[in-house]
Amino acid sequence: MAPQQVRAVRLSQPVTIDGELREPFWQSAERVTGFVQRDPTEGAVATESTVVYIAYDDAALYIGARLYDAHPDSIVARLARRDQGTNSDRFQVFIDPYHDKRSGFYFGISAAGTLYDGTLFNDEWDDDSWDGVWEGKVTRDATGWTAELRIPYSQLRFVRHTQYVWGINFRRDIARKNEFDYLVYTPKNGSGFVSRFPDLVGIERIDPPRRIEVMPYMTSRAAFTPHAAGDPFNDGSKLSPGFGADARLGLGSNLTLNATVNPDFGQVEVDPAVVNLSDVETFFNEKRPFFVEGSSIFNFGFGGQRNFWGFNWSGPNFFYSRRIGRSLSLPSAPDNGFVDGSSGAHILGALKLTGKVAGSWNVGGLTAVTGREQATLVDSTGRRWNQEMEPLAVYGVYRAQKEFNKGREGLGFLTTIDGRSFDDVSLRDARNSSSTMVGTDGWIFLDSSKTWVTTAWVAGSRIAGSRARITEGQRSSTHYFQQPDARHVSVDTMATSLDGAAARFTLAKQRGNTFVNSALGIISPGFDVNDLGFLSRTGYVNMHLGGGQTWTKPGKLFRYAEVGGAVFRNYDWDGNIIWSGLFQFGYVQFHNYDGLNWNLAYNPWTVSNRRTRGGPLTLTPPGYQFGLDANSDSRKRVTLGAGAGTYYRSGADYDWYSYLNVQYLPAPNVSVSVGPNLSGANYPLQYVDAIADSTATATYGTRYVFARLRQTELSAGVRLNWTYSPALSLQLYAQPLISAGKYDRFKSLARPRSYAFDSTAAPSNPDFNFKSLRGNAVLRWEYRPGSTLFFVWTQSRSASDDNGDFRFGSSMRSMLRAPAENIFMVKATYWWNP
């Protein structure tokens, strides 16, 4: 039976963190044993013995673990950089210092000495973006291996008391057996993790420390780029030094203020190249540490429930941090002239406040200011002038959430704001002057066992700006108010603001071998959060009802299996069915740990309100979807993942994809992975253009031109990770891309709300052949805890032409011959804890 509590003992002597556990007090500390398997045999006694000891002093918590192994020569000790997942023997400790049964921290170490850490939230979820400053060492011997951890109180958050009760749990991974042992585990057909932790008692007469951390940094960036002859701004090279600092300050025992001045937000890993032919903006993941770390506090609408499904639900991401310091495009250069300016809005400073107030309110706030950006232009006579590219802007996102009745209910609030100060009047027609979003969310478990849960969120938004700006917003691909046959929306050219609302309600069963997942979502036509969030479309109602069955106990054919399905439908604001269908999925893990999953879908005739991109409605014929993915046993030195799928409407209307991921581990500290992706499409109705034509009376005076597009795309991700020690690693990454598309059989919409088209002349030649190669090399050395030195080299090159045929050989040659842009950067940070 799982223990109800474990006890820590106070240290009477100093400790050396060396992974040896040689100090005498380790022998007198209370032994924590009784680990139980979650995998592979749920509920069985662990196959290897584990003993954990817990101690503390005035400054830190200490964890010692003796991990016995009958075959120590079989311990898997793969070395990787910090937080990189590997199939390795591992020990982890989970701590809930607030004892709120919902949140906490985790600290882990592999048998090779790699450190892992992160935060816990929503009872079951974790986030590895947080990097604490703590120590961990391991040793191996004839009886197994040993782990020793020192976790300073400055890295935890807890309320001052005379005596403390925290939550704690432990996990041990035995990689060769795919065995995961816990002191207390969550059953596969159950829910809740942090809420199951035993109590940690015995800690007393300690104070939350004064938490002050300062991290100054210095960078040197050298860029070598292609340039035009006579360009006064670019002679092919540019050296840019930089200085700044980050600080972390504890405000009492419950709040933490993060500040950054003149921050360096350079990304270590480049964004992938994409060819986007849709009317939807490409979403790129955030990679800048200041925004990534602790970002889960700003999650909105995802509390309580473990799994949120969505079928054609492009619901809002309320805080898309890449809007802050966003990329910029230079204005056009004058004839025979040149232009120079920043590639992104410079962030002058940012503040982030997180923690708890009033006992159990989780709060988070972020404020950032970006500077006014100017482009410098020079004409053929040498005359220079400046043109504003981006106004001074302030951004804010503020979050509060409270849990009641031991996490059975929750209530939260979120607001985002931003405002801009324009010097150049013309920019008022290109940027919103301000925007605001206010929302509330929450959840309720409907029974004492937390089997059924319902969640909800409701939000309202307003954007404001000039008449021209708001008119442009109404006509954007997010809204398409100009649709000529829409009954409930139209463009208001006199408007100086746009208001809207959105909401979503879910009901789920998430315990037991059967599960249920359902949702109803609504986004009004005027809802808009794109100034600080991400939203691709509005004006629809989305719903689904789904469920399924899991088999968690191994059977004759499989170790684990799951099947499920759903029915779903979308309506637009006029009541048209714009998407509908049936979906079925399944997953099987076999006894050899290979896995297989599949998905099937059918979509009947529906109406499309987006194919003409702001024009009249069309019809969409039925379609069928099929996908199949497979993966091999992750314990092997060579692991494979492969998949393929298709969406098929007819022999003339289909697309398909395939991929292969291969990972090879030639040494315990080296991994090589290659992931080619090949996809293709035959679209009979790829959008080309909308051309005003007074004779096209059936389509409201505009010809909506489409064509058959035959597209082939080949890309790959190639990665090498070489870890010399837990503190020193080298990462190499390359992403080649070739995408070719050929247009023919041009046609125009014959009449609204139909699938009828008339042949037409091509307005232009949109054929394309795009080639790109992006990659980087990163050497990372943590020369002391919390202090890091980076050496980074990034290269990108691209070429394009209008030959739409896919030609691998010539495209590769063109890619490799294209002019290269090389950027070299050195960055040094120093962590200071006064």
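The values are calculated or read from the model by the stated rules, or taken from the named source; none is laboratory data. Keep in mind the model is a prediction, meaning the values are calculated, not measured. In this analysis, Cβ positions are derived from the backbone assuming ideal geometry, glycine residues included, and neighbour counts consider all displayed protein chains. Keep in mind that these areas ignore ligands, DNA and RNA; they rest on the heavy atoms of the full protein, side chains included. Shrake-Rupley method; radii C 1.70, N 1.55, O 1.52, S 1.80 Å.
When each of Tyr106, Tyr98 is tested for being closer than 30 Å to Gly303 by Cα and without any contact (Cβ under 8 Å) to a residue 24 or more places away in the chain, the lone residue that passes is Tyr106.
Looking only at residues in region 17-42 that are in contact (Cβ under 8 Å) with a residue 24 or more places away in the chain and open to solvent by 40 Å² or more (accessible area, probe 1.4 Å), the one that is nearest to the chain's Cα centre (by Cα) is Arg38. Of all residues in region 57-95, those that are in a loop (DSSP other than H, G, I, E, B) and among the hydrophobic types (A, V, I, L, M, F, W, C) total 7. Based on this model, can you work out whether Val76 counts as among the β-branched types (Val, Ile, Thr), surrounded by 18 or more Cβ atoms within 10 Å (Cβ to Cβ) and at negative phi? Yes; evaluated as a whole, the condition is true for this residue.
Highlighted here are the strands (runs of 3 or more DSSP E) found entirely within region 635-733 that include at least 3 residues which are within 25 Å of the chain's Cα centre (by Cα) and within 22 Å of Ser772 (Cα to Cα): 653-667, 670-692, 702-725. Could you say whether any residue in region 247-254 is at pLDDT 85 or above, crowded, with 18+ Cβ neighbours inside 10 Å and small (Gly, Ala, Ser)? Yes - at least one qualifying residue is present in region 247-254. Looking only at residues in region 361-396 that are buried (at least 18 other Cβ atoms within 10 Å of the Cβ) and among the aliphatic types (A, V, I, L, M), the one that is farthest from Ser295 (Cα to Cα) is Val378.
Put simply, of Val292, Val275, Val280 the only residue that is of a type in the set (Val, Ile, Thr), surrounded by fewer than 19 Cβ atoms within 10 Å (Cβ to Cβ) and either touching a Pro at 6+ places or on another chain (Cβ under 9 Å) or farther than 30 Å from Phe770 by Cα (or both) is Val292. Contact map, region 812-834: first residue over 23 Å from Arg784 (Cα atoms), second residue open to solvent by 90 Å² or more (accessible area, probe 1.4 Å) and not hydrophobic (A, V, I, L, M, F, W, C), Cβ cut-off under 8 Å, separation 6 or more or different chains; pairs are Ile823/Arg221; Phe824/Arg221. When Asp100 is tested against (1) over 24 Å from the mean Cα position of the chain (by Cα); (2) surrounded by 23 or more Cβ atoms within 10 Å (Cβ to Cβ); (3) not basic (Lys, Arg), exactly one condition is not met: (2). For region 226-244, the condition of being open to solvent by less than 40 Å² (accessible area, probe 1.4 Å), more than 22 Å from Ala820 (Cβ to Cβ) and without any contact (Cβ under 8 Å) to a residue 40 or more places away in the chain holds for at least one residue. Looking at region 109-131, is at least one residue of a type in the set (Ser, Thr, Tyr) and at pLDDT below 90? Yes; the residues of region 109-131 include at least one that is of a type in the set (Ser, Thr, Tyr) and at pLDDT below 90.
Residues of region 564-585 that are surrounded by fewer than 16 Cβ atoms within 10 Å (Cβ to Cβ) and either more than 20 Å from Trp309 (Cβ to Cβ) or in contact (Cβ under 8 Å) with a residue 24 or more places away in the chain (or both): Gly575, Ile577.
All of (1) more than 30 Å from Asn262 (Cβ to Cβ); (2) among the aliphatic types (A, V, I, L, M); (3) open to solvent by 10 Å² or more (accessible area, probe 1.4 Å) hold for Ile212 with one exception: (1). Pairs meeting the criteria (first residue in region 517-543 and farther than 20 Å from Ala464 by Cβ, second residue basic (Lys, Arg) and open to solvent by 10 Å² or more (accessible area, probe 1.4 Å), beta carbons under 6 Å, at least 6 apart or on different chains) are Gly521/Arg504; Met543/Arg569.
Put simply, of Thr699, Thr695, Thr723 the only residue that is β-branched (Val, Ile, Thr), more than 30 Å from Asp89 (Cβ to Cβ) and touching a residue at least 12 places away in the same chain (Cβ under 8 Å) is Thr699. Only residues that are part of a strand (DSSP E or B) and surrounded by fewer than 21 Cβ atoms within 10 Å (Cβ to Cβ) were counted across region 151-165, and they come to 2.
Collect the residues in region 747-767 that are in a strand (DSSP E or B) and either open to solvent by 30 Å² or more (accessible area, probe 1.4 Å) or acidic (Asp, Glu) (or both), keeping them in residue-number order. Result: Lys747, Phe757, Asp758, Ser759. Based on what the data block shows, is Arg66 within 23 Å of Ala29 (Cβ to Cβ) and over 32 Å from the mean Cα position of the chain (by Cα)? Here the answer is yes, as Arg66 does meet what is asked. Residues in region 465-480 that are within 26 Å of Gly521 (Cβ to Cβ), touching a residue at least 12 places away in the same chain (Cβ under 8 Å) and either of a type in the set (A, V, I, L, M) or open to solvent by 20 Å² or more (accessible area, probe 1.4 Å) (or both): Ile470, Arg475, Ser477. Answer yes or no: is there a residue in region 320-334 that is open to solvent by 50 Å² or more (accessible area, probe 1.4 Å), in a strand (DSSP E or B) and touching a strand residue (DSSP E or B) at 6+ places or on another chain (Cβ under 6 Å). Checked against the condition, which is being open to solvent by 50 Å² or more (accessible area, probe 1.4 Å), in a strand (DSSP E or B) and touching a strand residue (DSSP E or B) at 6+ places or on another chain (Cβ under 6 Å), region 320-334 yields at least one hit. Checking the structure you have, find out if any residue of region 445-463 is open to solvent by 40 Å² or more (accessible area, probe 1.4 Å), in contact with a helix residue (DSSP H, G or I) (Cβ under 7 Å, 6 or more places away or on another chain) and assigned to a loop (DSSP other than H, G, I, E, B). Taking every residue of region 445-463 in turn, none turns out to be open to solvent by 40 Å² or more (accessible area, probe 1.4 Å), in contact with a helix residue (DSSP H, G or I) (Cβ under 7 Å, 6 or more places away or on another chain) and assigned to a loop (DSSP other than H, G, I, E, B).
I'm checking my understanding of the structure. Among residues of region 285-303 that are small (Gly, Ala, Ser) and out of contact with any helix residue (DSSP H, G or I) (no Cβ under 8 Å at 6 or more places or on another chain), which one is modelled with the highest pLDDT? Selected residue: Gly301.
Specify the residue that is farthest from Arg708 (Cα to Cα); the eligible residues are those in region 732-771 that are free of Cβ contacts under 8 Å to residues at least 40 places away in the same chain and of a type in the set (A, V, I, L, M). The residue in question is Ala756.
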